[in-house]
1. For chain A, which chymotrypsin sites (Phe, Trp or Tyr not before Pro) are both in a DSSP coil and crowded by at most 16 other Cβ atoms within 10 Å?
2. Would you mind getting the Kirkwood hydrodynamic radius of the range B:76-136 from its Cα pairs, rounded to one decimal in Å?
3. Run the numbers for B:S302 and B:T261: contour at 0.36 nm per residue of separation, minus the present Cα-Cα distance, in nm.
4. DSSP loop (so not H, G, I, E, B), at most 14 other Cβ within 10 Å: list which trypsin sites (Lys or Arg not before Pro) in the range B:140-199 pass both filters.
5. What is the fewest-to-most order of B:W265, B:W207 by other Cβ atoms lying within 10 Å of their Cβ?
6. Please quote Rg/Rh for the protein assembly as shown to two decimal places, taking the Kirkwood radius as Rh and restricting both calculations to Cα atoms.
7. What does the convex hull of the Cα atoms come to per residue for chain B, in Å³?
8. Enter the mean projected area of the convex hull around the alpha-carbon atoms of the range B:47-109, in nm², rounded to one decimal.
Amino acid sequence: MKKEDWPLFEIFIRSRSGLSHRHVGSLHAADASMALDHARDLYTRRGEGVSLWAVESRNIAASDPAESSALFEPAEDKIYRHPTFYEVPEGVENL
Amino acid sequence: MYTQGLDQKPDTEKQVDGTEQLVRFQARIDADEKIEPKDWMPDGYRKTLIRQISQHAHSEIVGMLPEGNWITRAPTLRRKAILLAKVQDEAGHGLYLYSATETLGVSRDQLTEQLLTGKAKYSSIFNYPTLSWADIGAIGWLVDGAAIMNQIPLCRCSYGPYARAMVRVCKEESFHQRQGFEIMLELSRGSDAQRRMAQDALNRWWWPSLMMFGPSDVDSKHSAQSMAWKIKRFSNDELRQKFVDVTVPQAEFLGLTMPDTDLDWNESRGHYDFGEIDWQEFYEVLKGNGPCNRERLAARQSAHDDGAWVRTAAVAYAQKQKRRCQAA
Ligand SMILES: [Fe+2]
Ligand SMILES: [Fe+2]
């Protein structure tokens, strides 16, 4: 059995409650519980977190960077989605 | 730790001059944009990074050996706990960096194989022996110190995963340097025998530490491309000079003497002048003829072999758990 058989996991840490989990890196492990053990040793040696997620990398669907301009371009010309697009007359408050 | 400008040729690939992709890539670099794993990149950029980051990873891993040698013999429980934590950090650095290398399309197995077969290089400094406890002080102070000097600019490297790994690494390094300096300080304030031990360690580690920055700029004609790609930000000699300038006053504070009769403050340059490095020794160690090259690789090889059953058992266990889960 070769080491290659240990899949890659992406590791996410919640640094303290109230914040969302954030990607910190990846590691190889035989299974998810080993991934969590290793993540504890590898990414939280200085109290970096209160909760860990391990997600097998192959289960993450990712958008293609080569397509990113086509993908995100439709949002670019819709400036009316931002509050700054609108003029608020002097004297109007709480808007 | 531990990068070293080993100065192998960056693969200046046969670039189809002026291709639109290349121009766009360089424009992104020039605009200080980060390059991410799935982004288009020139072959030479990818290969240069794979070589540099994996060398760096291997150095962290092999770098555990000289210090690991003293864990069982650290003089107090406090020192033992500190050294254990430091060596564990170095293992972590190796793993962050292997992961960063893998984002470029090379597998962990390939990387391990390259190290064990001697195909890949690691920092020359780890081929020197740790003869006394003072060596652990000298390594933390000088070797980690030189590493920090090298690594801080890498936090701004154009390749995202490398830069992010380096930010983590740099945060962890400063304790390494301080614990080393503390060991040296304690020895230098101790008995005559302890002071001699500290001086002896400095004598043996000073020059190899200067070599960690790689060949002098005159002989290092390949860094131009790495600079243009913003993989590298300062030349080997610039970083080496910086290191000398900050370290000499620290040695003076310790009351120790640098083993270099040419070392002298140069008022007009605003820097220390220092003696010529023995480049022959540097290249010999790189070629595999340093005092401990064979020992280091043999230790890695046996760790790998002795751990084989653990890796196999872990996979077997994971598969069994999975089957049970599915059956239930
Ligand atoms: Fe390190
Ligand atoms: Fe270190």
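Just so it is clear, none of the values below were taken in a lab; they were calculated from the coordinates. Since we're looking at a predicted model, the values are computed, not measured. Cβ placement follows ideal geometry from the backbone for every residue including glycine, while neighbour counts extend to all protein chains displayed.
1. A:Y86
2. After inverting the mean inverse Cα-Cα distance, the result is 13.9 Å.
3. Contour length minus Cα-Cα distance gives 10.6 nm.
4. Sites meeting the loop and neighbour criteria: B:R189.
5. B:W265, B:W207
6. 1.02
7. 167
8. About 4.3 nm², averaged over all directions.
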